[in-house]
Amino acid sequence: MNQAVIRWISGPVLRAVTHDPFCIHESVQVGARGLLGEVIRMQGDEITIQLFEDGTGLRPGDPVAGQGMPLSVRLGPGLLGHIFDGLLRSLGGEGRDFLQPGLCVTPTERFHMTPLAEPGRILKGGDPFAMVRPVGREGVEQLCLIPPDQAGEVVEILPGGDYGEEEIVCRLQDGQGLIVEIALSHPWPVRRPRPVERRLPVGPPLLTGQRVLDSLFPVARGGKAMVPGGFGTGKTVLLETIAKWCDADVIVYLGCGERGNEMAGVLDEFPRLEDPRTGRPLMERMVVIANTSNMPVAAREASVYTGITVAEYFRDQGLKVALMADSTSRWAEALREVSGRLGELPGEAGYPAYLSTRLAEFYERAARVITLSGKNGSLTVMGAVSPPSSDFSEPVTIQTKRYVRNFWALDRKRAQARFYPAIDPITSYSEDAETLAAWWSQEGAPDWARQRRRFLTLLEEQTRLERMARILGKDALPPGQRLTLLCAELVNDGFLRQSAFSVKDRHASPRKQIRMMGLLIRFMDRAEGAVAAGVAVERIVALPVLRRLQRMGEEIADDELERFDGLEAMLEADFGALSAGGEQGA
Ligand SMILES: Nc1ncnc2c1ncn2[C@@H]1O[C@H](COP(=O)(O)OP(=O)(O)O)[C@@H](O)[C@H]1O
Ligand SMILES: [Mg+2]
């Protein structure tokens, strides 16, 4: 084992002298307590280490021991349903946020295994060899995979029964005749993307149940979205809402460097939540990684890699996975702090020059793929960005924007007006939308792309007209423009606004979104026709159906969509009466 001796310490960074062949990114144990660290630089006889645990009490002369492998986490069936720290050590059900430094947690959970292979079978890396479910608690069935870098002929596989995660249950003989031991879980270096057979173009939408996202700024499975927003604009609530409602099979929720109370929703509420799709606890298909601001800064740096590695592991089982990272800005700050301690030349706003590369490497791991075993899997990544004082021109926002396809900008003004979700329809965009039109078409909305464009154009027009109205006064605008403003307000209130707390409206199915969009378009067409025929805008404002359209999201639940027929009839009747009344008046 490689050995070194500490020479210099500065917070989470230390230098040690060695004559042994350490490797870059090698995992190390530091001092008598065996604190976890990682080699991040090598120069002559000196290695530089970032320490993932609180190093209080360490001093020059203390020993460093190499572990002969890069920083890795153990991936297996014990992940789902649990809360971990940034290095994937279990925080227990109660989500306590500290472990004793140096503490190594050995999993105690047992799983009932059903073998899926028999002696003589050739298994490649990534192939499933067993199906497991937890013993003594409810939990979903999961596949256990041969580690991606191993393969061979099965010479032994244990019979169905209960086993611990690290027990050897299968033996393969590889091409050189060597025996490879396989357990239900296996280690994987977090900074190395897990291999796939091939990458596919991004796929059908990851449905979130949020109208402003699914209908206007949809994200495709395998896609990547960023949620920039100043303090208190609703990033955390939005990511939590998506975690609760999106149609992923597995959710990996990464709380990264935010204050403990920011994660309270996830730590307190999620363990009690019911999965709306199955009625079972939502946590059964979730992994929570909590690395709050009071935990060591270097562990925060590692936690995003831990999170995405865990997410890839489920993708490799042929699942649809969604990863939420809140907040990637705190991760960037951790990079900055470690870089500062290393004495590196700071770039813009003090961030290291490699910030951009690191962001690229992270988002690059989102993908829709054919897995090594030939299954379809996807990993969709959504990252919150917290620009100081909502300044979207700061480096983390700018650099992240280069690598994501979806930009869901939270707007301070909307949030202050308690308009939620506070996603700004003007600055937000989705580069996945075009691809997804075909999917909506199949779902019964052949006009989706055109309708979406019409909404977006209307909202842009609203911004322009409101600027004019502020100068000239609203009444000075011609009727057509006043109608545009009315319709834009209706789209905002009746469609984009969606309360996370309304039982009927916190989630909207694609069919509900299609019906609502269709009705609003119908309203716009009829209203434009009426104004063109000389009907005063004030009379349209007074139509009873307008009030109903504004509230339709909260009034009509996903399972009572036939009620939209009644609303449509009312709309037609109202406009019918209007033109009849108009003729009478004429
Ligand atoms: N979709 C929403 N529905 C209702 N209230 C919301 C919503 N989003 C945010 N809020 C309110 O705004 C507050 C701040 O939101 P939060 O997500 O914590 O902001 P951020 O993470 O951006 O700092 C929440 O505590 C909540 O009261
Ligand atoms: Mg937050």
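The values are calculated or read from the model by the stated rules, or taken from the named source; none is laboratory data. Since the model is a prediction, treat every value here as computed from it, not as a measurement. Reconstructed Cβ throughout: ideal geometry from the backbone, glycine too, with neighbour counts over all protein chains shown.
Kindly provide the set of residues from the stretch 205-254 that are aromatic (Phe, Trp, Tyr) and more than 12 Å from ligand 1 (Cβ to nearest atom), ordered by number. Talk me through it step by step, then tell me what you get.
If we filter the stretch 205-254 for residues that are aromatic (Phe, Trp, Tyr), which is where we start, we get 217, 231, 245, 253.
Result: Phe217, Tyr253.
Pairs linking a residue in the stretch 488-517 that is assigned by TED's automatic domain parsing to the domain that holds Leu546 and over 15 Å from Arg548 (Cα atoms) to a residue that is within 16 Å of ligand 2 (Cβ to nearest atom) and among the small types (Gly, Ala, Ser), with Cβ atoms under 8 Å and 6 or more positions apart or on different chains, are Arg506/Ala500. Taken together, Phe501, Phe455, Phe495 contain a single residue that is away from ligand 1 (no atom under 16 Å from the Cβ) and aromatic (Phe, Trp, Tyr), which is Phe455. Can you confirm whether Glu333 is assigned to a helix (DSSP H, G or I) and either polar (S, T, N, Q) or surrounded by 24 or more Cβ atoms within 10 Å (Cβ to Cβ) (or both)? Criteria not met by Glu333. If you go through the stretch 263-279 one residue at a time, do you hit one that is closer than 29 Å to Ile521 by Cβ and touching a residue at least 12 places away in the same chain (Cβ under 8 Å)? Within the stretch 263-279 (the criterion being closer than 29 Å to Ile521 by Cβ and touching a residue at least 12 places away in the same chain (Cβ under 8 Å)), the answer is yes, since at least one residue qualifies. Which residues, counting only those in the stretch 415-437, are free of Cβ contacts under 8 Å to residues at least 40 places away in the same chain and assigned to a helix (DSSP H, G or I)? Correct list: Gln416, Glu434, Ala437.
Tell me the strands (runs of 3 or more DSSP E) entirely within the stretch 1-62 that contain at least 1 residues that are among the hydroxyl-bearing types (Ser, Thr, Tyr). Steps first, please.
Values: elements: 3-10, 13-17, 26-30, 35-43, 46-51.
Counting at least 1 such residues, we get 3-10, 26-30, 46-51.
Within the stretch 358-392, the only residue that satisfies the criterion of being in contact with a helix residue (DSSP H, G or I) (Cβ under 6 Å, 6 or more places away or on another chain), within 16 Å of ligand 1 (Cβ to nearest atom) and part of a helix (DSSP H, G or I) is Ser390. Of all residues in the stretch 399-428, those satisfying the criterion of being of a type in the set (Val, Ile, Thr) and buried (at least 16 other Cβ atoms within 10 Å of the Cβ) are Thr400, Val404, Ile423. For the stretch 363-399, a residue qualifies if it is at pLDDT 95 or above, closer than 22 Å to Val212 by Cβ and within 16 Å of ligand 2 (Cβ to nearest atom), and the qualifying residues are Met382, Gly383, Ala384, Val385, Ser386, Pro387, Thr397. When the test is whether a residue is more than 16 Å from ligand 1 (Cβ to nearest atom), more than 22 Å from Ala500 (Cα to Cα) and either surrounded by 24 or more Cβ atoms within 10 Å (Cβ to Cβ) or modelled with pLDDT of 95 or more (or both), Gly257 does not pass it.
Which of the residues spanning the stretch 306-318 are buried (at least 23 other Cβ atoms within 10 Å of the Cβ) and not β-branched (Val, Ile, Thr)? Walk me through it before giving the result.
Keep residues of the stretch 306-318 that are buried (at least 23 other Cβ atoms within 10 Å of the Cβ), which gives 306-308, 310-316.
Within the stretch 306-318, Gly307, Ala311, Glu312, Tyr313, Phe314, Arg315, Asp316 meet the criteria.
Number of residues in the stretch 308-335 that are under 17 Å from Ala360 (Cβ atoms) and within 16 Å of ligand 2 (Cβ to nearest atom): the value is 5.
Output the residue which, of all residues in the stretch 337-353 that are of a type outside the set (A, V, I, L, M) and free of Cβ contacts under 8 Å to residues at least 12 places away in the same chain, is nearest to ligand 2 (Cβ to nearest atom). Out of the qualifying residues, it is Gly340. Taking the numbered list (1) buried (at least 20 other Cβ atoms within 10 Å of the Cβ); (2) at positive phi in turn, Gln498 passes all entries but (2).
Any idea which of Thr292, Thr328 is modelled with pLDDT under 90 and closer than 23 Å to Thr397 by Cβ?
Numbers: Thr328 fails: modelled with pLDDT under 90.
When all the criteria are applied, what remains is Thr292.
Filtering the stretch 399-413 for residues that are out of contact with any Asp or Glu (no Cβ under 6 Å at 6 or more places or on another chain), of a type in the set (Lys, Arg), free of Cβ contacts under 8 Å to residues at least 12 places away in the same chain and in a helix (DSSP H, G or I) leaves a non-empty set.
Any residue that is without any contact (Cβ under 8 Å) to a residue 60 or more places away in the chain and in contact with a Phe, Trp or Tyr (Cβ under 9 Å, 6 or more places away or on another chain) - is there at least one of those in the stretch 178-190? Scanning the stretch 178-190 turns up at least one residue that is without any contact (Cβ under 8 Å) to a residue 60 or more places away in the chain and in contact with a Phe, Trp or Tyr (Cβ under 9 Å, 6 or more places away or on another chain).
Only residues that are of a type in the set (Ser, Thr, Tyr) and under 13 Å from Ala302 (Cβ atoms): list them for the stretch 25-71, please. Please lay out each step first, then the result.
Narrowing the stretch 25-71 to residues of a type in the set (Ser, Thr, Tyr): 27, 48, 56.
The answer is Ser27, and nothing else.
Find the helices (runs of 4 or more DSSP H) located wholly in the stretch 479-586 whose residues include 2 or more that are more than 27 Å from the chain's Cα centre (by Cα) and under 23 Å from Gln416 (Cα atoms), and list them.
Details: elements: 479-491, 510-532, 537-541, 544-555, 563-585.
By residue number, 479-491, 544-555.
Within the stretch 173-181, identify whether any single residue is assigned to a loop (DSSP other than H, G, I, E, B), away from ligand 2 (no atom under 16 Å from the Cβ) and either closer than 29 Å to Gly81 by Cβ or among the hydroxyl-bearing types (Ser, Thr, Tyr) (or both), and answer yes or no. No, every residue in the stretch 173-181 fails to be assigned to a loop (DSSP other than H, G, I, E, B), away from ligand 2 (no atom under 16 Å from the Cβ) and either closer than 29 Å to Gly81 by Cβ or among the hydroxyl-bearing types (Ser, Thr, Tyr) (or both). Residues of the stretch 293-331 that are within 16 Å of ligand 1 (Cβ to nearest atom) and either under 27 Å from Ile49 (Cα atoms) or in contact with a Cys (Cβ under 8 Å, 6 or more places away or on another chain) (or both): Ser293, Ala325, Asp326, Ser327, Thr328, Ser329, Arg330, Trp331.
Against the test of being free of Cβ contacts under 8 Å to residues at least 60 places away in the same chain and not hydrophobic (A, V, I, L, M, F, W, C), the options Arg7, Arg41 yield a single qualifying residue, Arg7.
Counting the residues of the stretch 117-144 that are touching a Ser or Thr at 6+ places or on another chain (Cβ under 6 Å) and of a type in the set (D, E, K, R) gives 1.
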